[in-house]
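Report on the following structure.
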Amino acid sequence: MAQPRDFGFDEETGMLKDGARRLFEQRQPLVQLRARLAGTEDPYRGSERPGWHDAATWQEMVGLGWHQLAVPEEAGGVGLGLVAAAAIQEEIGRAACPTPLTGTLQATFVLIEAKALGHLAKVAEGTAMALAVTGEDGSLGADSTDVVADGSRLSGTSWFVQDAGKADGFVVAARAADGIGLYYVARDAVEVKPDRIVDLTRDQGRVVLDGCEAETVAAPGDGAAVLERALPALLTLVAADIAGAAEWQLQTTADYAKTRVQFDRPIGFFQAVKHPIVDMMIAADETRSLVYNAACAWDHDRDDAVRCARLAKASASDTAAFCANRSTQLHGGIGFTWEADVQIYHKRQMHSQFLFGDGAWNRQRLAELL
Amino acid sequence: MAQPRDFGFDEETGMLKDGARRLFEQRQPLVQLRARLAGTEDPYRGSERPGWHDAATWQEMVGLGWHQLAVPEEAGGVGLGLVAAAAIQEEIGRAACPTPLTGTLQATFVLIEAKALGHLAKVAEGTAMALAVTGEDGSLGADSTDVVADGSRLSGTSWFVQDAGKADGFVVAARAADGIGLYYVARDAVEVKPDRIVDLTRDQGRVVLDGCEAETVAAPGDGAAVLERALPALLTLVAADIAGAAEWQLQTTADYAKTRVQFDRPIGFFQAVKHPIVDMMIAADETRSLVYNAACAWDHDRDDAVRCARLAKASASDTAAFCANRSTQLHGGIGFTWEADVQIYHKRQMHSQFLFGDGAWNRQRLAELL
Amino acid sequence: MAEKTSSAEQYEFRDYCRRWLEENRPPPTETPLPQAAYEVTYADHRRYLCDWQAKCYEAQLIATDVAKEYGGHGHSNFQAIASAEVRRARVPYFINWIGLGMTAPTLLVHGTEEQKRRFLPPIFTAEEIWCQGFSEPGAGSDLVSLSTAAVKDGDNWVVNGSKVWTSLGALASWMLLLARTDRHDKYNGITYFLAPMDQPGVTVRPIHKMTGEAGFNEVFLENVIIPDHYRVDAVGAGWKVAMSTLTSERGAAAGVGAVASSESPLTAVLKVIELARRTRRNGVAVWDDPVWRERIVKLYERTEAAMQNGRRARIEALNGGAMRLPLQGKLVGSEIGQELGAVALGILGLRSSLYVGDEHAEEDGHWALAYMNSYTGTISGGSSEIQRNILGERVLGLPKTK
Amino acid sequence: MAEKTSSAEQYEFRDYCRRWLEENRPPPTETPLPQAAYEVTYADHRRYLCDWQAKCYEAQLIATDVAKEYGGHGHSNFQAIASAEVRRARVPYFINWIGLGMTAPTLLVHGTEEQKRRFLPPIFTAEEIWCQGFSEPGAGSDLVSLSTAAVKDGDNWVVNGSKVWTSLGALASWMLLLARTDRHDKYNGITYFLAPMDQPGVTVRPIHKMTGEAGFNEVFLENVIIPDHYRVDAVGAGWKVAMSTLTSERGAAAGVGAVASSESPLTAVLKVIELARRTRRNGVAVWDDPVWRERIVKLYERTEAAMQNGRRARIEALNGGAMRLPLQGKLVGSEIGQELGAVALGILGLRSSLYVGDEHAEEDGHWALAYMNSYTGTISGGSSEIQRNILGERVLGLPKTK
């Protein structure tokens, strides 16, 4: 095979991944998040829940250069590939960490495919970005955008923008006379309307553009192709996040099964608990292997990258739903309480499941390649 | 609801069902079948395996009038409905009994929809019949027939004829200039070529027609509609057979789990065995309830019969595959041996699963009704 | 509809119920009511629901067949009709469902004359809300291992311990309490009490579920005093009494008119089909995507099967034993409900992220709530794992796991 | 391909193997060979396969890295290359797979010098076929509860009992035998023997599987005599020895060249996809039915994942522990194989009924055979249920079920 045997996972990447894991273990994003959630629980009468991320952690990431991890060197970045980016995203998922890095990594790979060195330089300078490419019905594919471009002026609303509240600027897909183009608009040029969502670790929102000036990232007509080329990277990043979260769900559920005693035994003794946990491990491992394979294909065997990325996200979507379901069920009563962290991962996984298409959708696209 | 609460399952039907069960318990069809199978096991070098059924049991059934159970009284029959017919078919399935009654009951409902009193009278006289309506590719629907009618002469081959070797005559779907017609041909007017099949309890074959004279059952152009009208009864009968076999698989597997000892305990103690057996029960019960509902709908609420029959066969096909799978797996080593009866039911269920469409096919047709 | 063919006055009563319910349907609340009665927490919801129950009691829809001396209306064979009509009318649920569904049936069977006269009337009128104190933090699926202790002190019992998953705990003035009166006898060491909540030793702490709703509570009992005449049946008979209500719950409920008038599973599936028909993604309705349609129709198939199971359960010749199908109900119903929620989210895709209060959320987040609340169904009241044990052991006779 | 980057003569050897296999590929048999080596029963198949293995041994494809004094060819780091080329060439399997895969590795580790010189050469040349006598009727998943007894009698052991699921039992002249030498010590009461099959006390009865094939046998041992110098390792060390071979089986196999050169799982899935493309029902190819395509592609996805698991298992930084992924291999592989068979039957629909020998059967009944034989995979060699216990306990550290 054209791919290196070790998934292109070299020592540097290993250190990066361990570093990310350590950082989240120190910063405890969920512990910080919990404090912000107090009083917001009640869906009807709880207080508003503004999007949140730990600015200090973000600054530390920027200090470590993670924001520009995948930015090419000629744009002032580190110039690492998807293997490294997916490795970090996996740790973000494991920590369920709210962070602008998620959107920034996604935007980076789009900008790379658009050869937008100027905007990549912005990223390198520490500008947090997010993708704004989806229409109101949540359809997939660039052509679903409801934003219209008139010359360099954008109007309309971009929907389901992930972590919109954390971004300094947006890469927007817009429809122009000559087709879809990609544009960059700064945060302060637009209005961001936060959605009230289930997932507690993301802040999703709508980006409302009111004829604001935008910088062209990909000319009208090229936008769809650019997004299409970048899609394998986007699919792989989300799948990596799911893989990390699934591993957390597996370990947490296994640990609970070792300590929770019912009928005079730790519940992990009972096959009704033990075997589904094993099935969680099998699902998590299948996804994880497909993620590493997809990241490696992007870096080393681009012709095969789409197939591998579809495989990874298809598997990841199913794993997300399955591990979310079992982790809650096997925790018993405590599993459906607000205070148990499994619910936070449950919601994040259910959300991630649908980003860039669910399992069936990705398998349908995959079938077209077989 | 237009249906009676008791599924139209009156005392007479109950006695009929119990009688069938007792008859099979006495006649032990599988014990008799075993004797015929000796020496035929080896798929490559075993001796030929001619289709078989116990003529004495068939004569006894005829004596009891089961062959004309559903034949209208004006044609000399008992004039009972599908509730009674499905009740007997369920017992046939539970006993995995090779019998011409299965095909004869199916043919009866087709003849009823064709108002073919003359041929129904033949059934009443004890003529065993089978349906010959399928084409070489095993497609569903009357229009899949490869047989051609030229006036009253039929030529071509009818495929996948169930229990062809047991029938005295066939109800054949054939394509004429004006569309599909239904015809009756006697056994001795055609050549029956037995298939070598997996299922040990059926003998499937091809009916080869060489311009033989046939009696018209439904005029060209009416045949498809007649089969369409009879389809709910056919689906329900096969589903009933599956429900009976699934109950046998459930009870046999549960009994084995109570007696087979591993790790110093009956294996039924272990949830890895206990819980899948419970899932078998749930599947078998869902199918059974839908079968009774479908039979009752045919007799008492014909407008709803198609929907109910699709539900029954869709559920039955999935139950057949699931119970076959679990019954073998949970029997361990003995489960995949020739000498264990679970393999006989396993094969019958895998075969029944596909008759008149698998689960997904029937759910697709069902969706069109919702 | 009534079980047996209705006599003339049963028809008359049915028409009366139907008419009354049409004419007295209450206006919707400002904040929508929770999907289930055990979620109620707001004072305004409480007032609204208590008024509604009292009104229904006045109208003889509740306690219809209960004797007059216990506050009932003294009819016979009318309750099933009233309950069916309430269910049919899709009016709000009765807030005192534990009182109606568990306390009343328990007292009617095991209560003293004094207890019946004292407790039944305010249950029917919702003047006294009841909650249930069975589960404990350490004893979830393994209910019988409960450790809350009741010690006899003169004519009183002094109770110490804590209970969990207590629905309506914050609104109730009385609790059905299981407490240990003998630590050496697991099954015969439990006693059944009627515990007054309005005393200093009782602390109620709401438990927020993953939905954010706070219907469940943790209840801490510190030197709580219960007069001995509030004990139900003999000392040590608690487990027997509890089982008799738990198992007969549904049947008993009909006897006094506790009906969760929530929508039928089939209605829910048809709503999912409608959702799939009107939800378009990538230009096509989800219902026209064969892969999703297959999954939805499978759900429809299993739901119809569950309904037909209920029908078959009443037919001795076909039900395979009296308990075989009824014991499947909770397991199958809750798992179908969970699949239904998951399917609905799948149909909505990205849009399933929009939750209660989002102006663009589908049905104000109904499906996300339904999905998350489905875990209450598969976990509480005997988890699916426990249900499979019960079915394997009681119905199929497999060796007991424990 | 070889694990480490190949040196010049390794490339040379690979080219030699490839050329030799191309030039010496044997003609197909009259009756097709069974899908797996453990199914072989016919004398003509036996002759054909023994000749083939001997020829491959001569060509140095077997025992490539084994020392010359034991009948090997004395190379180093060549076996993996030879084995890979054999697998790649899709030539017939080696009939003496138990001898090559289990006896040889066991003797190389635990055997005496005399045993190695006596037994290894005829294993490589297939002059002596081996079978395995571990499982017993009463001890399936619970292997250690075996009861076949060996009693010391002078310089001999006298063995009585019976073994089951013995592949090649009817063709083998030697058996790897586990027998109980101490009924009071479950684990340390088992001893490992090399048992000669050609003696009157040995009766072999074929077991027909549901496919009708008779590769498995029941072997009855009545006063069977085994000289003490055919004992492997110490008395009572049998369980330890057996585990060491069972666990190291795959690795060890490469050491002497036992390769089941059957098709890779991915090849099998691609064949299923081809089947779906060419199978038309109701006018459309099954592959164009989205519901079936979804199920097939899911299978493809899981198969690719299993391959990538194998790749990841070798990367310490990513494998989550040395045994985590390898221990999943048997469970996942056999369950994917079963789903593959079921999917293939589903694609064929009614046509799946046509079995071996039917002129119209798809690939002469290949898929029905594959489906039914898949249960051997999920049941023998540690059933899926046992595999889940092992994974939960050894990998995740959950409490032992037993």
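HN-Hα J couplings of the range B:223-229 from phi, Karplus 6.51/-1.76/1.60, θ = phi - 60°, integer Hz, Gly and Pro as x?
Taking θ as phi minus 60°, the curve returns x, 4, 5, 4, 4, 4, 5 Hz for the range B:223-229.
Most fluctuating residue of B:Gly332, B:Gly205, B:Gly76 in a GNM of chain B with Cα springs under 10 Å: which is it?
Its mean-square fluctuation being the largest, the pick is B:Gly332.
Quick one: check the C-alpha center-to-center distance for the range A:30-69 versus the range D:4-67, whole angstrom.
62 Å
Between copies, how far does the label point of D:Pro137 sit from its twins, in nm, shortest first, when each point is 7 Å from Cα along Cα→Cβ?
5.6
Between B:Leu140 and residues 5 or more places away or on another chain, which pairs have amide H atoms under 5 Å apart, with H built 1.01 Å from N, and which residues are they?
Those qualifying (amide H under 5 Å, at least 5 residues apart or on another chain) are D:Asn282.
I'd like the FRET efficiency for A:Asp18 and D:Met243, computed as 1/(1 + (r/R0)^6) with the beta carbon distance as r and R0 of 51 Å, rounded to 0.05.
0.90
Can you grab the distance from the C-alpha centre of the range D:277-310 to the C-alpha centre of the range B:237-265, Å, no decimals?
The range D:277-310 and the range B:237-265 have Cα centres separated by 31 Å.
When the label point is put 7 Å from the Cα of C:Arg25 along its Cα-to-beta-carbon vector, which residues of the range C:81-102 have a backbone N closer than 11 Å?
C:89-92, by backbone N distance to the label point.
Report, for B:Gly14, each distance to the same residue's label point in the other copies, shortest first and in nm; define the point 7 Å along Cα→Cβ.
7.4
In percent, how large is the relative contact order of chain B, given Cα pairs closer than 8 Å and 6 or more residues apart?
Numbers: 749 pairs, mean separation 57.4, N = 370.
Averaging sequence separation for qualifying contacts and normalising by length gives 16 percent for chain B.
For the range D:162-240 and the range C:126-175, what is the separation of their Cα centres, given in Å?
62 Å
Can you work out the Karplus-derived ³J(HN,Hα) for every residue in the range D:365-373? Use 6.51 cos²θ - 1.76 cosθ + 1.60 with θ = phi - 60°, whole Hz, and x for glycine or proline.
Ordered by residue, 3J(HN,Hα) equals x, 3, 6, 5, 4, 4, 4, 5, 5 Hz.
Based on alpha-carbon atoms only, what is the radius of gyration of the protein assembly as shown relative to the globular estimate 2.2 N^0.38 Å?
Its radius of gyration relative to the 2.2 N^0.38 Å reference: 0.98.
What ³J(HN,Hα) values, in whole Hz, does the Karplus curve 6.51 cos²θ - 1.76 cosθ + 1.60 give for the range A:230-239 when θ = phi - 60°, with x put for Gly and Pro?
7, 3, x, 5, 5, 4, 5, 5, 5, 4
Could you check which residue among C:Leu318, C:Leu107, C:Leu61 shows the biggest mean-square fluctuation in a GNM of chain C with a 10 Å Cα cutoff?
Its mean-square fluctuation being the largest, the pick is C:Leu318.
To the nearest 10 degrees, how steep is helix D:238-256 against the longest Cα principal axis of chain D, on a 0 to 90 scale?
The two axes meet at around 50 degrees.
Taking R0 as 35 Å, what's the FRET efficiency between B:Leu369 and A:Glu191 from their Cβ-Cβ distance, rounded to 0.05?
The formula returns an efficiency of 0.15 here.
Once you place label points 7 Å from the Cα toward the Cβ at D:Arg117 and B:Ala38, how far apart are they in nm?
5.2 nm
Counting only C-alpha contacts under 8 Å and six or more residues apart, can you give the relative contact order of the range C:1-145 as a whole percent?
In percent, rounded to a whole number, it is 26.
Name the residue, out of A:Asp210, A:Asp241, A:Asp199, whose mean-square fluctuation peaks in a Gaussian network model built on chain A with Cα pairs under 10 Å.
Comparing A:Asp210, A:Asp241, A:Asp199 in a Gaussian network model of chain A, the most mobile one is A:Asp210.
Given H placed on each backbone N at 1.01 Å, which residues far from C:Met210 in sequence or on other chains put an amide H within less than 5 Å of it?
Counting only residues 5 or more places away or on other chains, the set is A:Thr337, A:Trp338.
How long are the three semi-axes of the equivalent ellipsoid for chain C, computed from the Cα gyration tensor as the root of 5 times each eigenvalue, in whole Å, largest first? Mind showing how you got there, number by number?
Numbers: eigenvalues 247, 133, 108 Å².
Largest first, chain C gives 35, 26, 23 Å.
Which residue in B is nearest the B/A rotation axis when you measure from the C-beta atom, and what is the distance in Å?
B:Gln271, 2
If I model a spin label as a point 7 Å beyond the Cα along the Cα-Cβ vector, how far apart are those points for B:Lys258 and D:Arg277 in nm?
5.3 nm
Which residue in chain C puts its Cβ closest to the axis that rotates chain C onto chain D, and at what distance in whole Å?
C:Pro290, 2
How many nm separate the modelled label positions at C:Arg87 and A:Gln28, each set 7 Å beyond the Cα in the direction of the Cβ?
5.1 nm
Could you pull out every one of the aspartates and glutamates with an alpha carbon less than 13 Å from that of C:Lys209, ignoring same-chain neighbours closer than 8 positions?
Hits, sequence-local ones excluded: A:Glu41, A:Asp42, A:Glu339, A:Asp341, C:Glu39, C:Glu218.
If the cut-off is a Cα-Cα distance under 12 Å, which aspartates and glutamates reach A:Lys193, setting aside same-chain residues fewer than 8 apart in sequence?
Within the straight-line cut-off, A:Lys193 pairs with A:Asp163, A:Asp203, C:Asp358, C:Glu359.
Taking a spot 7 Å from the Cα of A:Ala225 along the direction of its beta carbon, which residues of the range A:121-149 have an amide N less than 19 Å from it?
A:141-144, by backbone N distance to the label point.
Set the Förster radius R0 to 60 Å, insert the Cβ-Cβ distance between D:Arg18 and B:Glu48 as r into 1/(1 + (r/R0)^6), and round the FRET efficiency to 0.05.
0.85
Going by alpha carbons, how many degrees (0 to 90, nearest 10) lie between the helix axis of C:79-89 and the longest principal axis of chain C?
With rounding to tens, the tilt is 40 degrees.
With charges set only on the Cβ (+1 for Lys and Arg, -1 for Asp and Glu), what does the dipole of chain C come to about its Cα centre, in debye to the nearest 20?
Dipole of chain C, to the nearest 20 debye: 1100 debye.
For A:Thr134, what residues show an amide H to amide H distance below 5 Å, using hydrogens built from the backbone and excluding near sequence neighbours?
Residues meeting the criterion, in which the H sits 1.01 Å from N, are A:Trp159.
Using only Cα atoms, what is the ratio of the radius of gyration of chain B to 2.2 N^0.38 Å?
0.97
Counting helices only, and only those DSSP H runs with n ≥ 4, report the 222 nm mean residue ellipticity of chain C as the sum of -39,500 (n - 2.57) divided by its residues, in deg cm²/dmol to the nearest 500.
-13500 deg cm²/dmol
With 5 Å bins from zero, work out the P(r) of the range D:1-153 over every alpha carbon pair and list the percent per bin.
Spelled out per bin, shortest first, that is 2, 8, 15, 18, 18, 15, 11, 7, 3, 2, 1, 0.
Compute the label-point distances linking C:Ser264 to its equivalents in the other copies; points lie 7 Å from Cα along Cα→Cβ; give nm, one decimal, shortest first.
For C:Ser264, the inter-copy label distances come out at 5.5 nm.
Quick check: the angle from helix C:113-124's long axis to the longest principal axis of chain C, C-alpha only, nearest 10 degrees?
30 degrees
Using only C-alpha atoms and all pairs of different ones, pull out the Kirkwood radius for the range B:237-310 in Å with one decimal.
13.8 Å
All of the numbers you see were taken from the coordinates with simple rules; none came from a lab. Just so you know, these numbers come straight off a predicted model, no measurement behind them. Because the Cβ atoms are built from the backbone with ideal geometry, glycine has one as well, and the counts that use them run over all protein chains shown.
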